[in-house]
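Each remark here refers to the structure printed beneath this line.
The values are calculated or read from the model by the stated rules, or taken from the named source; none is laboratory data. Owing to the predicted nature of the structure, the values given are computational and were not obtained by experimental measurement. Note: ideal-geometry Cβ built from the backbone for every residue, glycine included; neighbour counts use all protein chains shown. For accessibility, only protein heavy atoms count, side chains too; no ligands or nucleic acids. Shrake-Rupley method; radii C 1.70, N 1.55, O 1.52, S 1.80 Å.
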Amino acid sequence: QVQLAESGGGLVQAGGSLRLSCAASGRIINIRTMGWYRQAPGKQRELVATVISGGSTTYADSVKGRFTISRDNAKNTLALQMNSLTPEDTAVYYCNFVVMAPGNYYGVNYWGKGTQVTVSS
């Protein structure tokens, strides 16, 4: 079935940039929402950004103006450009796809295994 895989994480100094990507393996259609979540040790997973099929985006207040989410609907890939990184951005970042089906009100969630982002200083 469908599997998601994140890449692009790593170690960066405060003020630096990283670009995360997420790619789906296997056939997948009717993706309503793509999003990025993150989880720091000892904390709950939190929403970072989402983009719906029509292109509208939403961002957590903590990343607004610094992060940009984008999706390629033809290739079913997702990216997160992260600029002006701070140590508070350190977390494991997960991609999420919500796949809709006829008569399904909520959709089905798919998750990647996560990629580590560490921001020093």
Lys/Arg +1, Asp/Glu -1 at C-beta; region 3-121 dipole; positive extreme among 100, 114, 50: 100
Residue-by-residue Karplus 3J(HN,Hα) for region 48-55, coefficients 6.51, -1.76, 1.60, Hz, glycine and proline x: 9, 6, 9, 9, 8, 4, x, x
Scattering curve values for the chain, log₁₀ I(q)/I(0), Debye with Cα scatterers, q = 0.13, 0.14, 0.17 Å⁻¹: -0.48, -0.55, -0.80
Peptides 22-29, 98-105 ordered by average Cβ neighbours within 10 Å, highest first: 22-29, 98-105
Stretch gain in nm, segment residue 44-residue 61, where the contour uses 0.36 nm per residue and the Cα spacing is subtracted: 4.5 nm
The chain: most fluctuating residue of 110, 37, 94 per GNM, C-alpha cutoff 10 Å: 110
Region 104-109 - phi-based ³J(HN,Hα) in whole Hz, Karplus 6.51/-1.76/1.60, Gly and Pro as x: 9, 6, 10, x, 10, 8
Residue-normalised accessible area of the chain, given per residue in Å² at a 1.4 Å probe: 56 Å²
Residues whose placed amide H lies under 5 Å from that of residue 32, excluding near-sequence neighbours: 98, 99, 100
Residues with amide H under 5 Å from that of residue 85, placed H, sequence gap 5 or more: 15, 16
Relative contact order of region 66-121, defined on C-alpha pairs under 8 angstrom at six or more residues apart (%): 32 percent
Estimated vicinal HN-Hα couplings, Hz - region 78-85 in sequence order (Karplus 6.51, -1.76, 1.60; Gly, Pro = x): 9, 9, 9, 8, 10, 10, 6, 5
